[in-house]
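The values are calculated or read from the model by the stated rules, or taken from the named source; none is laboratory data. Treat the numbers as computed from the prediction; the structure is a model and nothing was measured. Please note: Cβ atoms are built from the backbone with ideal geometry, for glycine as well, and neighbour counts cover all protein chains shown.
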Amino acid sequence: MTLAHELAPKIQAFMDAGHFTVATQDWHPPNHVSFSSRSHPCGSHVLNSSGSDVKVFLPHCIAGLRGSDLAAPLEHFSFSFYIKKGTKASLECLSAFRDNAKTSTGLDEWLKSKKVDTVVIVGVATEHCIYRTALDAIDMGFKTYVVIDCVAGVDEIASLKALNKMKALPGIELCRWDEVEKLFLYTRQFNF
Ligand SMILES: [Zn+2]
């Protein structure tokens, strides 16, 4: 079972409870800065146009092509807000909130327009997009939960390191899905 299959009923429960849900998709041009080439093999680092360091991956999530869609069980979900990120060839955008040049994806503004003050983060990859999204979330003032049994990383050691770094940051709470259920899904039944 893929992570997306495991997450689908959980995200559905979140939607059913009336919470906003946001989906992000990498949506890269074919010449994206993070893509490996003969001179920049997978795992190496390059500088992007904002001057920051970018890790090189195999080409992935090329806009409109197979692999850029949401994973199968989620593609027909009606999320409240969709973010397509990494759309500029010269810039990486790991965070759901902003690219490496600190240009907003619109998520911060959208969440604040909806008076959202708390975010719950699930998905991939723990040491890349999850980590950078969580860091930006606290930077932008959101109480932030990262659900450790609902995230997956590319590299196990790097993922553990990222989780430890997040754990040490005030404002980020690492929790398990059963805690999320208690905090956000079962609260109504106690409001007699
Ligand atoms: Zn990417």
Determine whether Ile83 is surrounded by 15 or more Cβ atoms within 10 Å (Cβ to Cβ) and over 30 Å from Pro170 (Cβ atoms). no
Can you tell me how many residues in segment 66-89 are more than 17 Å from the chain's Cα centre (by Cα), within 16 Å of the ligand (Cβ to nearest atom) and at pLDDT below 95? 1
Count - residues of segment 129-179 that are touching a residue at least 12 places away in the same chain (Cβ under 8 Å) and not in a helix (DSSP H, G or I): 24
Of all residues in segment 16-51, which are loosely packed, with under 15 Cβ neighbours inside 10 Å and aliphatic (A, V, I, L, M)? Ala17, Leu47
Could you say which residue among Ile157, Ile148, Ile121, Ile138 is more than 29 Å from Glu181 (Cβ to Cβ), more than 16 Å from the ligand (Cβ to nearest atom) and of a type in the set (Val, Ile, Thr)? Ile157
